[in-house]
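Below you'll find the structure, written out as structure tokens, and then a few comments.
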Amino acid sequence: MTFRGHRSKLAWLLALAAMFAVVAVACSGDDDEGSAGFTDEGYATAGLDGEKLVTIDGDIVIGISSALTGDVASLGIPIADSAETAGDGVQIKGKNIKFVREDDLCSAEGGPAAAERLIQAKAVAVIGPICSGGTRSSLEVYDKAGITHISPSATAGDLTLPTRAEGPYVTFFRVPVLNADEAREQAKFAHDTLGKKKAFVLFDTDDYGKDLSNEFQKFFKEEGGEIVGTPAGYEKKATDFKSIITNIKSSGADLVYQAGFYAEATPFLTQLRADPDLKSITYVGGDGIKNDELITGAKEAAEGAYLALPGTTGDEFDTYKSKYSAKFKGNADTATFGAEAYDAATAIIKALEKVAEEKDGKLQVDLKELNKAILDSDFEGASGKVEFEDNGNRAGAVVRLFKISGGKYVQLEEGDK
């Protein structure tokens, strides 16, 4: 089931915010520079004032910030592999690409630490971080260093509308669909197609989980549904959901909505389905839960679950799938945000091809021009057409819905349940 969301309303929001002096912006509606943060003043704030040349004698280093260990590694490693796939066999004016991976642990603490290591490794640009919390805490680190980074999977809406006078961080871009788009389509599907009226919400207390759950609650109520009980937050690595399940039983819910990751969704679903009174209650979960590990871990308890996946497959998906299989022996169909990671790396590579210049056997890259070339991206990728709006968001939005049936994810078509 494919749903079209709406283009970002950032320009309108920024104009409105300026009227009320909430956020000061450095542009006008007639300014060719576009939205705040992409003016010369914005580049100066980001440490990209004037010419910022990097001279490369050996390989061109592109960083990857992803969760390489821990409970989310089954998400993070395919993302890193997919990013590397985009540069396999590619040379830029005779120079090879060298990918350097750093573990951001999908955490607010790990993101900046990985960023510092990648800056020390002389990365000219970075794919990642992969999670909203790690991205939020890394924005200033990359911005001060003048290093452009593109997240394949950080979806919290306000990452591109920070509460700071300078406006959006000019060095930050992202490829995925936002939480608001996903939650809107899930709420509409749950209420209109599945006919559910009362939802109990639980969520991972990180930035991603809180933002997605808040958006779902808002849109479900707009559809005419009711949020019952008190939305329940839980920490990463949680394994005991008995108290939450007790609250679900007393809430009168006919739908459970979970915003989080598969590591916690697996024990939750297992315990939920073990309760005779909740064995058949409808379950809907966010994109962080759609992972093969959920099916492997929850087994029968996962049957009938509805999950979302932002984005779609584009013209280059088959190329990506073939290269990914050859290089890493992986299945691109099951690599959540893999196509987005491939496209994030592709955007960097295409921009480097435009701005890198040969001089005395070396390459020179102006990081400001590299950033502008990424902003001007316009290509058909593995996840569809890749273009960026002036705030760094991807233009347009597509959300797909899946149901676990027979131990597999089955994509739903319009009207399917």
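Among Lys368, Lys329, which is closer than 30 Å to Lys95 by Cα, of a type in the set (Lys, Arg) and either free of Cβ contacts under 8 Å to residues at least 24 places away in the same chain or in contact with a Ser or Thr (Cβ under 9 Å, 6 or more places away or on another chain) (or both)? Even if it seems obvious, please write down each step before you answer.
Numbers: Lys368 fails: either free of Cβ contacts under 8 Å to residues at least 24 places away in the same chain or in contact with a Ser or Thr (Cβ under 9 Å, 6 or more places away or on another chain) (or both).
Being closer than 30 Å to Lys95 by Cα, of a type in the set (Lys, Arg) and either free of Cβ contacts under 8 Å to residues at least 24 places away in the same chain or in contact with a Ser or Thr (Cβ under 9 Å, 6 or more places away or on another chain) (or both) holds for just one of Lys368, Lys329, which is Lys329.
Can you tell me which residue in the stretch 228-280 is farthest from Leu294 (Cα to Cα), limited to those that are in a loop (DSSP other than H, G, I, E, B) and charged (D, E, K, R)?
My answer is Asp254.
Would you mention how many residues in the stretch 334-356 are at pLDDT below 95 and surrounded by fewer than 24 Cβ atoms within 10 Å (Cβ to Cβ)?
1
Those residues that are surrounded by fewer than 22 Cβ atoms within 10 Å (Cβ to Cβ) and either in a helix (DSSP H, G or I) or modelled with pLDDT under 95 (or both), I need them from the stretch 368-379; list them, please.
Selection gives Glu369, Lys372, Ala373, Leu375.
Restricting attention to the stretch 54-91, which residues are β-branched (Val, Ile, Thr) and under 20 Å from Lys362 (Cα atoms)? It would help to see each step written out before you state the result.
In the first step, residues of the stretch 54-91 are kept if they are β-branched (Val, Ile, Thr); the result is 54-56, 60-62, 64, 69, 72, 77, 79, 85, 90.
Passing the criteria: Val54, Thr55, Ile56, Ile60, Val61, Ile62, Val90.
Just one of Val141, Val100, Val124, Val61 is among the β-branched types (Val, Ile, Thr), modelled with pLDDT of 95 or more and touching a helix residue (DSSP H, G or I) at 6+ places or on another chain (Cβ under 6 Å); which is it? Lay out the reasoning, then the answer.
On the way: Val100 fails: touching a helix residue (DSSP H, G or I) at 6+ places or on another chain (Cβ under 6 Å); Val124 fails: touching a helix residue (DSSP H, G or I) at 6+ places or on another chain (Cβ under 6 Å); Val61 fails: touching a helix residue (DSSP H, G or I) at 6+ places or on another chain (Cβ under 6 Å).
None of the other options fit; the residue is Val141.
Scan the stretch 131-140 for residues that are open to solvent by 10 Å² or more (accessible area, probe 1.4 Å) and touching a Gly at 6+ places or on another chain (Cβ under 6 Å) and report the count.
Qualifying residue count for the region: 1.
Please verify whether Thr313 is out of contact with any Leu (no Cβ under 7 Å at 6 or more places or on another chain), β-branched (Val, Ile, Thr) and farther than 24 Å from Ala187 by Cα, treating the condition exactly as stated.
Values: out of contact with any Leu (no Cβ under 7 Å at 6 or more places or on another chain): yes; β-branched (Val, Ile, Thr): yes; farther than 24 Å from Ala187 by Cα: no.
Answer is no for this residue.
Let me spell it out: the conditions are (1) assigned to a helix (DSSP H, G or I); (2) in contact (Cβ under 8 Å) with a residue 12 or more places away in the chain, and Leu307 meets all of them except one. Which number is the exception?
With (1) assigned to a helix (DSSP H, G or I); (2) in contact (Cβ under 8 Å) with a residue 12 or more places away in the chain applied to Leu307, the lone miss is (1).
Working only within the stretch 170-205, note down all residues that are touching a strand residue (DSSP E or B) at 6+ places or on another chain (Cβ under 7 Å) and among the β-branched types (Val, Ile, Thr).
Listed by number, the residues that qualify are Thr171, Val175, Val177, Val201, Thr205.
Take the stretch 388-412 and flag every residue that is surrounded by fewer than 16 Cβ atoms within 10 Å (Cβ to Cβ) and closer than 20 Å to Gly128 by Cα.
The one that is surrounded by fewer than 16 Cβ atoms within 10 Å (Cβ to Cβ) and closer than 20 Å to Gly128 by Cα: Ala395.
Within the bounds of the stretch 209-227, is there any residue that is open to solvent by less than 30 Å² (accessible area, probe 1.4 Å), free of Cβ contacts under 8 Å to residues at least 60 places away in the same chain and more than 22 Å from Lys403 (Cα to Cα)?
no
Under 6 Å by Cβ, and 6 or more places apart or on different chains, what pairs join a residue from the stretch 230-256 that is open to solvent by 40 Å² or more (accessible area, probe 1.4 Å) with one that is assigned to a helix (DSSP H, G or I) and charged (D, E, K, R)?
Close Cβ pairs satisfying both conditions: Lys249/Asp277.
From Ala199, Ala183, Ala187, grab the single residue that is open to solvent by less than 10 Å² (accessible area, probe 1.4 Å), in a strand (DSSP E or B), out of contact with any Cys (no Cβ under 8 Å at 6 or more places or on another chain) and under 30 Å from Val228 (Cα atoms).
Of the residues listed, the single one that is open to solvent by less than 10 Å² (accessible area, probe 1.4 Å), in a strand (DSSP E or B), out of contact with any Cys (no Cβ under 8 Å at 6 or more places or on another chain) and under 30 Å from Val228 (Cα atoms) is Ala199.
Restricting to the stretch 53-71, what's the tally of residues that are open to solvent by 10 Å² or more (accessible area, probe 1.4 Å) and under 17 Å from the mean Cα position of the chain (by Cα)?
1
Here's the yes/no breakdown for (1) touching a strand residue (DSSP E or B) at 6+ places or on another chain (Cβ under 7 Å); (2) assigned to a strand (DSSP E or B); (3) open to solvent by 10 Å² or more (accessible area, probe 1.4 Å); (4) acidic (Asp, Glu):
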position: Thr85; (1), (2), (3), (4): no, no, no, no
position: Arg101; (1), (2), (3), (4): yes, yes, yes, no
position: Ser107; (1), (2), (3), (4): no, no, yes, no
position: Glu116; (1), (2), (3), (4): no, no, yes, yes
position: Lys122; (1), (2), (3), (4): yes, no, yes, no
position: Val126; (1), (2), (3), (4): yes, yes, no, no
position: Pro129; (1), (2), (3), (4): yes, no, no, no
position: Tyr142; (1), (2), (3), (4): yes, no, no, no
position: Ile150; (1), (2), (3), (4): yes, yes, no, no
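Taking the conditions exactly as written (within 25 Å of Asp81 (Cα to Cα) and either within 20 Å of the chain's Cα centre (by Cα) or part of a helix (DSSP H, G or I) (or both)), does Pro176 satisfy them or not?
yes
The values are calculated or read from the model by the stated rules, or taken from the named source; none is laboratory data. All of these numbers come straight from a predicted model, not from anything done at the bench. We place every Cβ from the backbone using ideal geometry, glycine too, and count neighbours over all the protein chains shown. Surface accessibility is based on the protein's heavy atoms, side chains included, excluding ligands, DNA and RNA. Shrake-Rupley method; radii C 1.70, N 1.55, O 1.52, S 1.80 Å.
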